[in-house]
Amino acid sequence: MPTLITGASGYIGSHLTKKLVDRGEKIRIYCRTKPMSPLFHHPAIELILGDINDYKRLRKAINGIDKIYHLAAYARLWAKEQTTYYKINVEGTNNILEAAFEEGVEKMVYTSTAGVLGPSVVEPINEEFPRTIPYFNSYEETKTQAENIVQEFAHKGLFVTTVNPARVYGPGLDCGSNPVTKIVELYLKGKWHLIPGTGNDIGSYCFIDDVVDGHIAAMDKGRSGERYILGGVNASFNELMHCIMLISGVKKRLYHLPFPILKAVSQVFKWWAEVTESSPMITPEWVNRYDYHWALNSEKAVKQLGYTITPLYDGIEKTIKWIRENR
């Protein structure tokens, strides 16, 4: 039977599709529009066009499927209608869970985000760490709601596992969900000169190949109703930029932009987005996240799934090499 993938044209989804095809699997992708990448012009890939909120069409696509990777989501910084986040991330996920349950799907992996977890305080946090502060944006909030629905279906008997990737980077498509790779590219071209705040905020930077392998391992070894952090190297933004500078050999002066100024600028970007209906570079809701540390502990995925973490130096080196050869 083929494996169904939603969100196959996204950053993680496109890499996952390629990896599974290279392993000899037959893939059925379900998406709203036909992907333009040559990657999808492969005899092992079947394309079905449809909306995640079209339940009848979705159920028809799931018929005859035993495994599903559900990656489709609205992950952009801004939406003209805030209800877009709920419609796609919550209602869409509920639709595919319901259809999978009714069609007797054997296994399903749901891709959430590490953003649903709370900021770290002293030590890197794990899957059990309780969130103690409000959500920063609609994306985090709706992905949490979707995770709750996943748990409901797991209790009903659907075998479904959740993975929570952190800040994913590496070679591949520029589709808006790999901002770290975009920062690397802009720096190499002399178009990135800023560090938000002090630059000491910690993030978890995970290489795309590790995240894809983590998805496959979750399908093969994951436990139903469990979630697994697919994190990476915990490093500050200063450390990230130093690594990019060291490996690339490109020496550009970087300027720390104080948070009050950054927040003011992001307000302008948001206002302009609402006027022009174009996506902003950053919004106040996302800027607020950089006031916190987001160090993650991926030990559960390492022990139960065999998850591996690529060193930051190695991952950035591969990313720079790919950008220089393809951009």
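General observations
- When H193 is tested against the conditions (1) surrounded by fewer than 17 Cβ atoms within 10 Å (Cβ to Cβ); (2) touching a His at 6+ places or on another chain (Cβ under 6 Å), the lone failure is (2).
- For the range 285-300, the criterion of being more than 24 Å from G232 (Cβ to Cβ), in contact with a Ser or Thr (Cβ under 8 Å, 6 or more places away or on another chain) and assigned to a helix (DSSP H, G or I) is met by no residue.
- Of all residues in the range 267-297, those satisfying the criterion of being aromatic (F, W, Y) and touching a residue at least 60 places away in the same chain (Cβ under 8 Å) are W286, Y290, Y292, W294.
- Every test in (1) part of a helix (DSSP H, G or I); (2) more than 28 Å from K182 (Cα to Cα) is passed by N53 save one, and that test is (1).
- Residues that are in a loop (DSSP other than H, G, I, E, B) and buried (at least 19 other Cβ atoms within 10 Å of the Cβ), drawn from the range 178-190: N178
- Filtered by the rule that a residue be in a loop (DSSP other than H, G, I, E, B) and among the hydroxyl-bearing types (S, T, Y), the range 272-284 gives S278, S279, T283.
- The range 298-327 residues that are closer than 11 Å to G214 by Cβ and of a type in the set (A, V, I, L, M, F, W, C), paired with ones that are assigned to a loop (DSSP other than H, G, I, E, B) and at pLDDT below 95 (beta carbon under 9 Å, 6 or more apart): none
- Total residues in the range 56-88, condition assigned to a loop (DSSP other than H, G, I, E, B) and of a type outside the set (V, I, T): 15
- Of all the criteria given as (1) surrounded by 14 or more Cβ atoms within 10 Å (Cβ to Cβ); (2) of a type outside the set (A, V, I, L, M); (3) in contact with a Pro (Cβ under 9 Å, 6 or more places away or on another chain), the one not satisfied by N288 is (3).
- Looking only at the range 93-129, and only at residues there that are free of Cβ contacts under 8 Å to residues at least 40 places away in the same chain and either over 17 Å from G231 (Cα atoms) or among the aliphatic types (A, V, I, L, M) (or both), the one that is surrounded by the most Cβ atoms within 10 Å (Cβ to Cβ): G104
- Scanning the range 2-49 for residues that are assigned to a loop (DSSP other than H, G, I, E, B) and crowded, with 18+ Cβ neighbours inside 10 Å gives G7, A8, S9, G10, P35.
- Here is the figure for the range 192-233: residues that are outside any helix (DSSP H, G or I) and among the aliphatic types (A, V, I, L, M) total 6.
The values are calculated or read from the model by the stated rules, or taken from the named source; none is laboratory data. Predicted model, so just to flag it, every value in this text is computed and none were measured. With ideal geometry, Cβ positions are generated from the backbone for all residues, glycine too; neighbour counts draw on all protein chains shown.
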